[in-house]
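Worksheet: the structure to be examined is printed underneath.
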Amino acid sequence: MLFKPLLAAGTIVVAFGVVCILIGTSVVSPKEDGEGFKIIGIRFLIGGMVSITLAFIARYFLLIKYLLKQISYKGKSGDKFSDWHKP
């Protein structure tokens, strides 16, 4: 449900971050302004990566929840009949 919007937003933010980094490293801008563009670009790059990661977590949340439940069942000690109640 949230996969496409988060992925699109993350892609746009990553692209903007790359453009900011390119502007900061180009010889057109002065040195003082270039450092600011690089810092802002890195922040946008990290934010975009987080958004894309959240998109994939939202997409596969049910699968992750199922796998964690299976791992927790295998980690229980005792035999498989210890949870049963006597009538």
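Just so it is clear, none of the values below were taken in a lab; they were calculated from the coordinates. Since we're looking at a predicted model, the values are computed, not measured. Neighbour counts are summed over all protein chains in view; Cβ atoms, including those assigned to glycine, are modelled from backbone coordinates with ideal geometry.
A few comments on the model shown:
- Potential lengthening between THR53 and SER72 on full extension [0.36 nm per residue; Cα-Cα distance subtracted]: 4.4 nm
- Shape call, the stretch 3-74: gyration tensor on alpha carbons, a/c limit 1.5: prolate
- The phi-based Karplus calculation (6.51 cos²θ - 1.76 cosθ + 1.60; θ = phi - 60°) puts the 3J(HN,Hα) values of the stretch 10-23 at x, 5, 5, 5, 5, 4, 5, x, 5, 5, 5, 5, 5, 5 Hz, whole numbers, x for Gly and Pro.
- Contact order for the stretch 3-74, expressed relative to its length and based on alpha carbon pairs under 8 Å spaced 6+ residues apart, stands at 40 percent.
- Taking the charge dipole of the stretch 3-74 about its Cα centre, with +1 at Lys and Arg Cβ atoms and -1 at Asp and Glu Cβ atoms, the residue from ILE12, GLY47, ALA58 reaching farthest to the positive side is ALA58.
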